[in-house]
Amino acid sequence: MTDRSTSFDVAIIGGGVIGLAIGWRAAQRGLDVLVLERGEPGGGTSRVAAGMLAPIAEADPGEQPLLALGLASAAAYPRFIEELSEAGGTDPGYLSCGTLMVARDRDESEALERELAMRDSLGLPVRRLRASEARRLEPGLAPSLRLALEIPGDHVIEPARLTAALVAALRHAGGRLRSATDVAEVLISGGRVAGVRLLDGGELRAANVVVAAGIWSGLLAGLPPQARVPLRPVKGQTLRLHDPAGPGLLTRVVRMPPGYLVPRGDGRYVLGATMEERGFDTTVTAGAVFELLRDATELVPGVSELVIDELLAGLRPGTPDNAPAIGPGSIPGLHWAAGHHRNGILLTPITAEMVVAELTGDPPHPLAEAFHPARFAAATAGTRA
Ligand code: FAD
Ligand code: GLY
């Protein structure tokens, strides 16, 4: 039966992992929730993500609040997954596999030693491995390996399965989802958010609107410049592969900056990814595929036997400081959950927790302040809507 309701407590624009998780958690708290997705749920950047839950491997000393957020979200994941599986009855594909960062030559080894020192100084659990030790753990690694770091706490989830589990859990909690429904504009009336206008002209009323439209969040009409979050697309090209011989080539994530090889545990692998600033371009180029395969086969020679299933490019939603904008907008009733850049899958549980605290009037999350959308007010004040 088609759902014809036109009034909600919360309308969420975007059915990626972020919008779906907020919808599920808000519906669990008794709010009347509608998630609006212009395509299929999870069909945006979430579909392209490798699914690494890697706050430690991706730690950057210049981004300490983001590291704290990532660690908190990674810690929340096991419980989140348990509840999600119970609620929706589907397995979100969490793989507790750990991660190796590896180096092939002297320059890369020196760089890896610096990476180790940085993580040690921050008290992050990382173990230095000689090449022989790393190869004992992962015999698929090349004999030419020089050095490795083991990060036992950085794991993986399969974004497509996470999406399916979130959709099932959202519905189970009484939340609603409308696919193929494009939001054109956020409606504002009397100085507060009133709902959304759809591309087909229809209007929906909502006391709260959550902008969770990934990189497309910046394209929504209706918001004045000072109410916006500045976003830039950061393109990532990836390959999906599988091993006709079955699982076993790799059991851990292997990272060789900027690349990585992620096992799904069943013989499928994701090889990624480029970091390119080229606007909204999602083409896959021969040069990128060549470089990713060249580096991966040098480190894991068995990669050359894998079958290529798909070539994909996606757009990471990057803010000026590379950290997400999570929290209230400058107009009452407006909320942001966008700009998750390289870590949206990792940050799904904690983003949902933060936004739902806001929607229900619970005390703000202790980490919320650093991610407040208002930090960009000066950057957007001078721009045109
Ligand atoms: P999206 O998944 O893009 O969802 C936004 C949704 O909004 C889309 O489905 C879109 O169709 C919809 N939408 C847009 N406009 C409208 C509108 N007007 N009306 C209705 N719907 C609309 N993160 C990790 O944590 N780990 C990783 O290993 C990882 N690997 C990555 C690898 C690559 C190559 C890339 C590109 C990204 C990777 N990421 C990773 C980052 C991660 O994919 C993103 O941060 C995350 O998917 C953002 O989720 P989202 O829900 O905000 O956006
Ligand atoms: N976090 C991995 C990527 O963005 O490619």
Quiz prompt | Cα long-axis angle, helix 64-88 against the chain (0 to 90 degrees, to the nearest 10) | solution = 80 degrees
Practice problem: Provide the per-residue ³J(HN,Hα) series for segment 152-164, in order, calculated from phi with Karplus coefficients 6.51, -1.76, 1.60 and θ = phi - 60°, each as a whole number of Hz, with x at glycine and proline positions. | Solution: x, x, 8, 10, 9, 9, 8, x, 5, 6, 4, 4, 4
Self-check item: Helix-derived mean residue ellipticity, 222 nm - over the chain, DSSP H n ≥ 4, -39500 (n - 2.57), to 500
Solution: -9000 deg cm²/dmol
Self-check item: Cα convex hull of the chain - mean projected area over all directions, nm²
Solution: 19.1 nm²
Quiz item: How large is the charge dipole for the chain, taken about the Cα centre, if only the Cβ atoms of Lys, Arg (+1) and Asp, Glu (-1) carry charge, to the nearest 20 debye?
Solution: 380 debye
Practice problem: Name the residues whose placed amide hydrogens come within less than 5 Å of the amide hydrogen of residue 194, ignoring near sequence neighbours (fewer than 5 apart) on the same chain. | Solution: 187, 188, 189
Self-check item: Check: segment 119-186 dipole with +1 on Lys, Arg Cβ and -1 on Asp, Glu Cβ, in debye
Solution: 240 debye
Exercise. Among DSSP beta bridges whose residues both lie in the chain, state the antiparallel percentage, nearest 5.
Key: 70 percent
Self-check item: Magnitude of the charge dipole, segment 230-309, Cβ model with Lys/Arg +1 and Asp/Glu -1, debye to 20
Solution: 240 debye
Quiz item: What do the square roots of 5 times the Cα gyration tensor eigenvalues come to for segment 136-187, in whole Å, largest first, as semi-axes of the equivalent ellipsoid?
Solution: 43, 15, 11
Practice problem: Report, by chain and number, residues whose modeled amide H sits under 5 Å from the one on residue 176, excluding near sequence neighbours (fewer than 5 apart, same chain). | Solution: 33, 34, 35
Quiz item: How far, in nm, would the chain grow between residue 278 and residue 118 when pulled straight, counting 0.36 nm per residue and subtracting the alpha carbon separation?
Solution: 54.5 nm
Quiz item: Of the heavy-atom accessible surface of the chain (probe 1.4 angstrom), what whole percent is carbon and sulfur?
Solution: 53 percent
Exercise. At q = 0.21, 0.22 Å⁻¹, what is the base-10 log of I(q)/I(0) for segment 17-137 according to the Debye formula with one equal point scatterer per Cα and no solvent? Please give it to two decimals.
Key: -1.32, -1.39
Exercise. Return one whole number: the accessible area per residue of the chain in Å², for a 1.4 Å probe.
Key: 41 Å²
Quiz item: ³J(HN,Hα) across segment 90-96 via Karplus (A = 6.51, B = -1.76, C = 1.60, θ = phi - 60°), whole Hz, x for Gly/Pro?
Solution: 10, 8, x, x, 7, 10, 8
Practice problem: Assign one of three labels to segment 14-53, namely rounded, prolate or oblate, based on the Cα gyration tensor with a ≥ b ≥ c the square roots of its eigenvalues; rounded applies when a/c is under 1.5, prolate when it is not and a/b is larger than b/c, and oblate otherwise. | Solution: oblate
Quiz item: Given Cα pairs under 8 Å that are at least 6 residues apart, what percent is the relative contact order of the chain?
Solution: 23 percent
Quiz item: In terms of the Cα gyration tensor, with a ≥ b ≥ c the square roots of its eigenvalues, is segment 110-160 rounded because a/c is under 1.5, prolate because a/b exceeds b/c, or oblate?
Solution: oblate
Quiz item: So how many Å³ per residue does the convex hull of the Cα atoms of segment 215-349 work out to?
Solution: 124 Å³
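The values are calculated or read from the model by the stated rules, or taken from the named source; none is laboratory data. Just so it is clear, the model here is predicted, and its values are computed rather than measured. Quick reminder, even Gly has a Cβ in these numbers, built from the backbone with ideal geometry, and neighbours come from all protein chains shown. Note: accessible area is taken over every heavy atom of the protein model, side chains too, but ligands, DNA and RNA are not part of it. Shrake-Rupley method; radii C 1.70, N 1.55, O 1.52, S 1.80 Å.
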